[in-house]
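Only one structure is covered here, and it is reproduced in the block below.
The values are calculated or read from the model by the stated rules, or taken from the named source; none is laboratory data. The structure displayed is predicted, hence computed values, not measured ones. Neighbour counts are summed over all protein chains in view; Cβ atoms, including those assigned to glycine, are modelled from backbone coordinates with ideal geometry.
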Amino acid sequence: MAEKALLSEITRIAAEAGREIMIVYESAYDVEEKADGSPLTTADRHAHDLICDRLDALTPEIPLVSEESIGLDTDERLAWARLWLVDPLDGTKEFIQRNGEFTVNIALIEQGQPVLGVVHTPTRRVSHFAAHRKGAWRQTEDHAPEKIRTQPYRGGAARMAASRSHSGQPVERFRAALEAHSGQPVQAVAMGSSLKICLVAEGQADVYPRLGPTSEWDIGAAHCVLNEAGGSILDCDGNRLVYNKREMRNPWFIAVGDPTYNWIDLCPRSPA
């Protein structure tokens, strides 16, 4: 399937999963607790099942890893050159709190890098999507897609996307270092799920420091969108992130709109 047609199909699948999520969102539902203590709802399961079914029918030759996947053989997975990376409901805490800031994330990974990504926000009926060397786009419902770009940063008051559910001392240290370096107060914008990376991709934020635990499926789709919009995601040593690792946890990272600015010197190092 041609890349443009594939991207269109994945955007449609993400929106379809979003509609399933909204059925649950607008009704009563049960909340379970996974082994790591994170919440799981009926909506997570419904979206997972729908996406897996649709992707298996569309691209049966490409294996899939979802946040809700169980029983995968790690050595077999590490041999995959291509895979779908899915978070069927990113921002379950935001879902439970009913603030609307949750997304459906679908990314295609090739040789350890995201080459196609769709981030769909069900409550807003908005999709951010991108493919390698095809640009990054934002589309609301049936309106025409709009191309998005990051903004250059040349110092001064920085706009920092911040997690609504996760912050902590490392982020505060980054913020203090940025304010000391720029001589201006940081303008913080709180947001849930992978929408923070999309804010950077749209040029509405300059930087998003994620100085805490995340998994590959949390950010793969938005990472592709940010790359194609002109930005980058780097770990706190300045290295680009790699996907389909043995351990699918990400290192601490910063998502930046202007990769030419020296953000890394401001980033605290993650614990060993």
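Residues that are among the hydrophobic types (A, V, I, L, M, F, W, C) and in contact with a helix residue (DSSP H, G or I) (Cβ under 6 Å, 6 or more places away or on another chain) within segment 117-151 comprise Val118, Val119, Phe129, Ala130, Ala131, Ala136, Ile148, listed in sequence order. Residue check: is Thr123 in contact with a Gly (Cβ under 8 Å, 6 or more places away or on another chain) and surrounded by fewer than 24 Cβ atoms within 10 Å (Cβ to Cβ)? Against the criterion (in contact with a Gly (Cβ under 8 Å, 6 or more places away or on another chain) and surrounded by fewer than 24 Cβ atoms within 10 Å (Cβ to Cβ)), Thr123 qualifies. The requirement of being surrounded by 10 or more Cβ atoms within 10 Å (Cβ to Cβ), free of Cβ contacts under 8 Å to residues at least 24 places away in the same chain and either more than 19 Å from Gly91 (Cα to Cα) or assigned by TED's automatic domain parsing to the domain that holds Val118 (or both) is not satisfied by Ile62. For segment 240-272, the set of residues classified as surrounded by 22 or more Cβ atoms within 10 Å (Cβ to Cβ) and of a type in the set (Gly, Ala, Ser) consists of Ala255, Gly257, listed by residue number.
Only helices (runs of 4 or more DSSP H) whose full extent lies in segment 133-232 are considered here, and the ones with at least 1 residues that are hydroxyl-bearing (Ser, Thr, Tyr) are 169-182.
Among the residues that make up segment 216-239, is at least one of them more than 23 Å from Gln113 (Cα to Cα), outside the structural domain of Trp84 (by TED's automatic domain parsing), among the acidic types (Asp, Glu) and surrounded by fewer than 22 Cβ atoms within 10 Å (Cβ to Cβ)? Within segment 216-239, not a single residue is more than 23 Å from Gln113 (Cα to Cα), outside the structural domain of Trp84 (by TED's automatic domain parsing), among the acidic types (Asp, Glu) and surrounded by fewer than 22 Cβ atoms within 10 Å (Cβ to Cβ).
Yes/no per residue for (1) assigned by TED's automatic domain parsing to the domain that holds Glu67; (2) of a type in the set (Gly, Ala, Ser); (3) under 14 Å from the mean Cα position of the chain (by Cα):
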| site | (1), (2), (3) |
| --- | --- |
| Gln139 | yes, no, no |
| Pro152 | no, no, no |
| Pro170 | no, no, no |
| Ala176 | no, yes, no |
| Ala190 | no, yes, no |
| Lys245 | no, no, no |
| Val256 | no, no, yes |
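Of the listed requirements (1) more than 21 Å from Tyr243 (Cα to Cα); (2) in contact with a Phe, Trp or Tyr (Cβ under 7 Å, 6 or more places away or on another chain); (3) crowded, with 22+ Cβ neighbours inside 10 Å, Glu146 misses just one: (3).
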